[in-house]
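Take a look at the structure set out below.
The values are calculated or read from the model by the stated rules, or taken from the named source; none is laboratory data. Every value quoted in this text rests on a predicted model; they were computed, and no experiment measured them. FYI the Cβ positions are ideal-geometry reconstructions off the backbone, even for glycines, and counts take in every protein chain you see. Ligands, DNA and RNA are excluded from the accessible area calculation, which covers all protein heavy atoms including side chains. Shrake-Rupley method; radii C 1.70, N 1.55, O 1.52, S 1.80 Å.
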Amino acid sequence: TIVAEPTPWLGGMLSAAGVSATDGNHRLPSGIWREFRQRIYDAYRGPEPIISSKTRRDTLFIVSKVYPHNASRSGAVAACERSLKRLKTDRIDLYLLHWRGSVPLAETVETFEKLKSAGKIRHWGLSNESAWGMAQWIAVADRIGVARPASIQNEYSLLCRIYDGDLAELGHNEEVTL
């Protein structure tokens, strides 16, 4: 069983529901948009815990993400702790950086390695990254001498085959799975 901590991508959720966040060329007023977004998020997240006390932890592979503004040394550790508490678990199997931000890559990679050493995460990976970006993360991990990203989570479906180009070639040759 794979448990992915909810990280709603509002645009995709709205599109899937056939709802448009714009009215022609006019955007919804920010107050209405904020309230609408919060209602969707609350409904998506649900009131029940993701992992119940009856769930055997060894049957789960738990994935969570950290936002780029939390990818610093202290921020990633604090975000991981919040996720562990929210998920009611002792470790995250795959901890993904949601997308690249302004924190230096080496700082984020070192922090992920610190979380691995502490037993808080088992693997780290990337989300919404390009082939060039993934190559940079791999180079930083190699330079520091730590594990490379284990996985990349980019959009991939019958309608979106962007991964099949450079990312697929890089992922295959550098052993970073989709």
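Here are the numbers for this structure:
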| read-out | value |
| --- | --- |
| Stretchable slack from residue 151 to residue 86, in nm (0.36 nm times residue separation minus alpha-carbon distance) | 21.1 nm |
| Apportionment of accessible area to carbon and sulfur, the range 61-132, percent (1.4 Å) | 55 percent |
| For residue 62, distant residues with modelled amide H under 5 Å away | 3, 93, 94 |
| Accessible area (Å², per residue) of the range 54-178, counting only protein heavy atoms and a probe of 1.4 Å | 53 Å² |
| Most to least packed among 69-75, 153-159 [average Cβ atoms within 10 Å] | 69-75, 153-159 |
| ³J(HN,Hα), Karplus 6.51/-1.76/1.60, whole Hz, each residue of the range 70-77, x for Gly, Pro | 10, 8, 7, 4, 6, x, 5, 5 |
| Amide H contacts of residue 97 (H built 1.01 Å from N, under 5 Å, at least 5 apart or other chain) | 66, 125, 126, 127 |
